[in-house]
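Student: Please read through the structure below; I'll follow up with questions.
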Amino acid sequence: MSVDQALAKILDTVVPVATVETVPLLQSLGRVIAIDKVAAINVPPCDNSAMDGYAIRLDDLEPLNELLIAQRIPAGQMGKPLKVGTAARIFTGAAIPPGADSVVMQEDTETRGEVVRVDRSEVKLGQHIRPMGQDIAKGSVVVGCGKRIQPQEIGLLASIGVTEVEVFTRLKVAVLSTGDELVEPGQSLASGQIYNSNRYTLTAFLIALGCEVIDGGIVEDDFQTTCDQLQSLSAQADVIISSGGVSVGEEDHVKAAVESLGQLGLWKLNIKPGKPLAFGAVGSTPFFGLPGNPSSVFVTFCLLARPYLLRKQGQSDVAPVMTTATAQFDWHQRGSRQEYLRAFVSVDEGVASVCLYDNQSSGVLASTSWANALMVLPPNTTITRGARVDVLLLSGLVGG
Ligand code: AMP
Ligand code: MG
């Protein structure tokens with residue numbers, strides 16, 4: 001099964017969170033908004049000046065090009081109606097006084113005492129006025145249900161006076177690591193052991209997505225222990241993600257355990273790194289069985305688990321943005337699997353180019369830290385230096 005087909009099937013099964021909570025504006029950062037926010041006001045609330053200068057009525061400049069400065073309007077104050085033949089000294093952000101139809105910036109004027117001189121031929125009707133509602137019209141949807149709140153939405157919501165936001169409740173995601181060789185950082189390593197990095201990679205991804213993480217610990221490579229732990233996690237979590245133990249070796253028990261407790265949907269994926277990968281359910285709790293190799297965990301989480309979780313959190317748009325860059329290498333891909341190579345994109349003279357990490361082995365986690373992108377290499381493809389290739393920037397795959 002291709003990665004795209006698998007993703008479509010996985011997304012098809014998503015049942016988004018249905019519960020909603022109200023949080024203070026700043027605490028909604030990174031959460032998905034559950035109810036459209038509609039503007040109760042216009043932004044800006046009235047026509048205002050975009051410049052420091054003079055508010056005038058254009059026709060008053062005939063025939064003299066001179067006006068009497070009759071009032072002064074700083075930001076935050078309302079002026080009086082503009083009398084015929086007068087100008088208002090006005091500052092950026094101040095309300096346009098009734099009767100004025102244009103603003104002349106101070107640099108384009110000459111003042112003599114109480115009189116300001118403006119060359120009419122230099123002025124365009126309506127210039128330097130920011131009309132009421134030009135940013136946001138009263139009654140419009142400012143942030144719609146399904147959007148993840150980022151700093152720009154926080155500012156936008158503040159601009160319409162919002163103090164609280166309705167967001168979907170946090171997803172509870174359990175992380176389980178399988179493998180007799182695993183030891184937690186902080187403990188000493190005996191020979192043959194390695195530190196459990198997958199638990200940390202996955203937990204960090206989940207924290208960045210605003211999930212509540214349930215630590216499922218390390219389970220030994222044993223069928224019954226794996227079943228017991230999966231069953232216990234399924235009672236607490238909205239989603240379970242495991243790493244390791246999904247191959248077909250004698251020490252791999254995840255597949256059989258999930259099959260005995262629920263069902264396993266997907267099995268063989270045309271993805272590298274990342275084969276094998278499992279998707280199914282423990283009881284009724286959705287389950288991702290990611291591979292054990294650390295780079296495979298990184299790639300399969302980004303490409304398959306992440307969009308699933310985003311959709312389950314209530315987010316509407318979950319597709320990462322693909323872009324192109326010029327290959328700085330030759331590559332011959334003979335396999336039938338789609339490859340996601342750890343890559344670095346840089347821009348020289350306006351053109352994006354991409355190079356690859358030397359060692360693309362799925363056990364090499366350093367490649368993911370060196371990279372700022374994944375280069376997508378379709379099955380059976382030859383790339384020659386200078387060709388345009390597809391890349392996914394990690395900035396769109398890591399973080400909230
Ligand atoms: P497995 O899929 O269980 O056969 O694991 C494949 C490889 O990934 C083996 O070299 C494991 O030692 C390694 N591995 C599995 N789980 C982890 C983990 N949590 N952290 C780091 N490496 C792991
Ligand atoms: Mg293992």
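Student: Karplus couplings for the range 339-356 from phi (6.51 cos²θ - 1.76 cosθ + 1.60, θ = phi - 60°), rounded to Hz, Gly and Pro as x?
Tutor: Going residue by residue, I get 9, 10, 8, 5, 9, 10, 9, 10, 10, 10, 6, x, 10, 7, 10, 9, 10, 10 Hz, with x marking Gly and Pro.
Student: Follow-up question, since we're still on this one. Please list log₁₀ I(q)/I(0) at q = 0.15, 0.19, 0.27 Å⁻¹ for the range 36-94, using the Debye equation with identical point scatterers on the alpha-carbon positions.
Tutor: Computed log10 I(q)/I(0) values: -0.50, -0.70, -1.11.
Student: Sort out for me the Cα centre separation of the range 204-232 from the range 1-49, rounded to whole Å.
Tutor: First find each Cα centre; the distance between them is then 28 Å.
Student: For the charge dipole of the range 117-244, defined by +1 on Lys and Arg C-beta atoms and -1 on Asp and Glu C-beta atoms about the Cα centroid, which residue among Leu189, Thr178, Gly161 has the Cα displaced farthest towards the positive pole?
Tutor: The listed residue farthest towards the positive side: Gly161.
Student: State the Kirkwood hydrodynamic radius of the range 272-349 in Å, one decimal place, computed from all pairs of distinct Cα atoms.
Tutor: Working: mean 1/r = 0.0664 Å⁻¹.
After inverting the pairwise mean of 1/r, the radius is 15.0 Å.
Student: Then there's this: Within the range 82-168, which GluC sites (Glu not before Pro) sit in a loop by DSSP and count at most 11 neighbouring Cβ atoms inside 10 Å? Please list the in-between numbers first.
Tutor: Numbers: sites: Glu107, Glu110, Glu114, Glu122, Glu153, Glu164, Glu166; in loops: Glu114.
Within the range 82-168, the qualifying GluC sites (Glu not before Pro) (loop, at most 11 other Cβ atoms within 10 Å) are Glu114.
Student: Shifting gears a bit: Could you tell me which residue out of Leu67, Gln77, Val104 lies farthest along the dipole of the range 48-130 toward its positive end? Charges go on the beta carbon: Lys and Arg +1, Asp and Glu -1, centred on the Cα centre.
Tutor: About the Cα centre, the residue reaching furthest to the positive side is Gln77.
Student: Next question, about the same structure. Under a 5 Å amide H to amide H cut-off, with H placed in plane at 1.01 Å, what residues pair with Asn372 once short-range neighbours are removed?
Tutor: Those qualifying (amide H under 5 Å, at least 5 residues apart or on another chain) are Ala343, Phe344, Val345.
Student: Something else now. Run through every distinct alpha carbon pair of the range 48-130 and return the Kirkwood hydrodynamic radius in angstroms, one decimal place.
Tutor: On the way: mean 1/r = 0.0833 Å⁻¹.
For the range 48-130, inverting the mean 1/r across all distinct Cα pairs yields 12.0 Å.
Student: Moving on to the next point. Where does the Debye-calculated log10 I(q)/I(0) of the chain sit at q = 0.10 Å⁻¹, using only Cα point scatterers of equal weight, no solvent?
Tutor: Debye output, listed in q order: -0.77.
No lab work stands behind these numbers, since they all come straight from the coordinates. Small disclaimer: the values here were computed from a predicted structure and weren't measured. Heads up, the Cβs are rebuilt from the backbone with ideal geometry, glycines too, and the neighbour counts pull from every protein chain shown.
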